[in-house]
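For reference, the structure is listed below as structure tokens.
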Amino acid sequence: MKRTASIDTLNLKSRTSNTLKRYGIFTISTLLKYSGIELRRLDGFGKLSKREVEEILSKNGFELKKEKNK
């Protein structure tokens, strides 16, 4: 799977996919610019959506942006 592919190719649940698109996240490469914390800040994007995204990305050899330690 290519980074330039649509998030639709990830076969996410409708709620997760719709939330990402509402915030302008249409491609895997754009999604990978976000950390889990940043995604959780999106209205309608909860911990189950975050877990779903992380698991599907991992299965496809990708991971979200690393969290910064304070």
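Roll a 1.4 Å probe over the protein chains and send me the accessible area per residue for the chain in Å². Don't skip to the end; give the middle numbers.
Values: 4880 Å² over 70 residues.
Per-residue value: 70 Å².
Residue by residue, what Karplus-based ³J(HN,Hα) values in Hz, rounded to whole numbers, does the stretch 27-33 have, using 6.51, -1.76 and 1.60 with θ = phi - 60° and x for Gly and Pro?
10, 4, 4, 5, 4, 5, 7
Using P(r) over Cα pairs in 5 Å bins from 0, in percent as the read-out, say which of [x] 3, 18, 33, 30, 13, 3, 1; [y] 3, 16, 31, 30, 16, 3, 0; [z] 3, 17, 26, 25, 15, 9, 3, 1, 0 was calculated from these coordinates.
[x]
Once you charge only the Cβ atoms, +1 for Lys and Arg and -1 for Asp and Glu, what is the size of the charge dipole of the chain about its Cα centre, to the nearest 20 debye?
It works out to roughly 200 debye.
Order the following by accessible area, largest value first: 35, 14. Probe radius 1.4 Å; ligands, DNA and RNA are ignored. List each step's numbers first, then the result.
Values: 35 5, 14 85 Å².
Heavy-atom accessible area, descending, gives 14, 35.
Return the carbon/sulfur percentage of the accessible area of the chain, one whole number, probe 1.4 Å, all protein chains in place.
Details: 2310 of 4880 Å².
Exposed carbon and sulfur together represent 47 percent of the surface.
Can you list residues whose amide H is under 5 Å from residue 27's amide H, if they're 5+ apart or on another chain and H is modeled 1.01 Å from N?
Here 7 satisfy the definition.
The values are calculated or read from the model by the stated rules, or taken from the named source; none is laboratory data. Note that this is a predicted model, so its numbers are computed, not measured. Cβ: placed from backbone, ideal geometry, glycine included. Neighbour counts: every protein chain shown. In case anyone asks, the SASA skips ligands and DNA or RNA and just uses the protein heavy atoms, side chains included. Shrake-Rupley method; radii C 1.70, N 1.55, O 1.52, S 1.80 Å.
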